[in-house]
Amino acid sequence: MTNVKNRFLTTLAKKCNTLSQLKQLHAHILRCRLKHTPFAMAPLLSVAAFSDHFSYAHSIFSTLHLTHRNTFMYNTMIRAYLQQAHSPLSALSCYLSMLRNAIAVNNYTFPPLIKSCIALNDAVIGRLVHGHVVHFGYCQDPFVLSALIEFYSALCHVDTARVLFDGAMTKDVVVWTAMIDGYGKTGNCENARKLFDEMPERNVISWSAMMAAYSRASDFGEVMALFGDMQNEGIRPNESILVTVITACAHLGALTQGIWVHAYAVGCKLESNSFLATALVDMYSKCGCVEAALSVFEGIPSKDAGAWNAMISGVALNGDARKSLELFRQMIACGTKPTETTFVAVLTACTHAKMVPEGLQLFDEMNSIHGVAPRLEHYACVIDLLSRAGMVEEAEKFVEEKMDGLAGGDANVWGALLNACRIHKNLDVGNRVWKKLRDIGVTDCGTHVLTYNIYRETGCDAEANRIRSRIREVGMQKKPGCSIIEVNNQVEEFLAGDHSHPQRQEIQQLLDYVFKTL
């Protein structure tokens, strides 16, 4: 009889779509004098906890007498505190209450608890929870084990995660995927791929984890190759994979393949996914198809800051600074709060259009009006803005007054200022900047090369030779530039100074012919 009532109340609770309906069900339980029975309250609590009415669930749980709570209720609240309330500390506190009241734990208790430790980035508490996992005998449960692997990987203790993985008596696809994702998130694509190839069984999440690993490492060619392998095996991609592939297409300039993925997403009715739509906006923009990007952007029903940022950056990238600022104003008018990325985009747009007053005004309004504190990349944008407009002295003054000198900057700041000195042949500022960088111990290759060029192009051969000798002595190497083109749906990458391409001679002959006919 109890099971019948339980199923009935569970079905009834799942049909509650509003707070009013939840309250009606709650009143019914109270009238029937079932409030002291955990099986009666548990379905109501679960539905309320994972809807828009978490505060009501919290109220229900808080007013229940300790003797009227059970394991399911505690597990529900631990997970809800983490996922709905975004309060990992409350999740941990709920677990401690569970222990104090001698409520039995089970394998569903620990995964959200471990994820709470990840959210807190607390190694000590995480290890204590791990100790409880061992104490209660759940260290071989696949979901608990995968959560522990994720925890240690998040702390960059991937060796510990691997010990847990190797020690598992049985490894299902969840555990394998967790270990692959752990390697991927720590940048170890080689070990991630080795495990991926050894997997006895893969699901779409496994493919997604491996492709995400390559994407984080900016190995977009491997992303595309893996996507092809996945299609050959007949695996249907999910939204996450499509976002990763579209991002790879954007970085590779693989427009044809990007259009194909877009068509596939439309065919699967996935184009309304906001993350996917934003990735498409970015891809079309980076491939120079602004109208296509705008078409996708306008079709997004509820535009978040990420979608606006992608479109603002896209039109700026393609040289339409006025449109970029217009979109920014529309974003504000729609009530969407701009982010740090938004201001990088609009400041960059002003830089390329040499719109100095507009850029400086936006920088001043960042914090005062929009509550976004400037970061190093924003300072670098302003320095680049002033520098490209030939206002090198003003850029130097900005560094001294706003950033407390070059010591408060980074390579982007130094590079923007030195590059401006080179372009405008401003030896005085360039010399001062170089000496300050030398005094604070900046020794990267980029600043050395820029300074060498300033001295060489302004006729200071002795100084230029001294820096060139320094570059050779230390063995500095500048990362070679590269170009990427798409031909017949194949992406080819060419590195400066690389002669390994199998058609190198034919390419060189064609280039020589083109240059001769110009």
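The values are calculated or read from the model by the stated rules, or taken from the named source; none is laboratory data. Just so you know, these numbers come straight off a predicted model, no measurement behind them. For neighbour counting, all protein chains shown are included, and Cβ atoms are generated from backbone atoms with ideal geometry for every residue, glycine included. Side chains included, ligands, DNA and RNA excluded: accessible areas come from the protein's heavy atoms. Shrake-Rupley method; radii C 1.70, N 1.55, O 1.52, S 1.80 Å.
Taken over the stretch 216-243, the criterion of being within 20 Å of the chain's Cα centre (by Cα) and more than 21 Å from Leu270 (Cα to Cα) is satisfied by Arg216, Ala217, Ser218, Asp219, Phe220, Gly221, Glu222.
Where helices (runs of 4 or more DSSP H) sit wholly within the stretch 67-160, those with at least 3 residues that are of a type in the set (S, T, N, Q) occupy 71-83, 88-100.
Residues in the stretch 352-394 that are in contact with an Asp or Glu (Cβ under 7 Å, 6 or more places away or on another chain) and of a type in the set (A, V, I, L, M, F, W, C): Val372, Leu376, Leu386. Residue pairs whose Cβ atoms lie under 6 Å apart, separated by 6 or more positions or on different chains, with the first residue in the stretch 355-368 and within 18 Å of Ala316 (Cα to Cα) and the second not in a helix (DSSP H, G or I) and not basic (Lys, Arg), are Val356/Ala389. Only residues that are part of a helix (DSSP H, G or I) and among the polar types (S, T, N, Q) were counted in the stretch 174-201, giving 2. Tell me whether the stretch 127-138 contains one or more residues that are open to solvent by less than 50 Å² (accessible area, probe 1.4 Å) and under 28 Å from Leu270 (Cα atoms). No, the conditions are met nowhere in the stretch 127-138. Among the conditions (1) more than 18 Å from Tyr138 (Cβ to Cβ); (2) outside any loop (DSSP other than H, G, I, E, B); (3) open to solvent by 30 Å² or more (accessible area, probe 1.4 Å); (4) at pLDDT below 95, the only one that Lys35 does not satisfy is (2). With respect to the conditions (1) closer than 24 Å to Met311 by Cβ; (2) at pLDDT below 80, Met403 falls short on a single one, namely (1).
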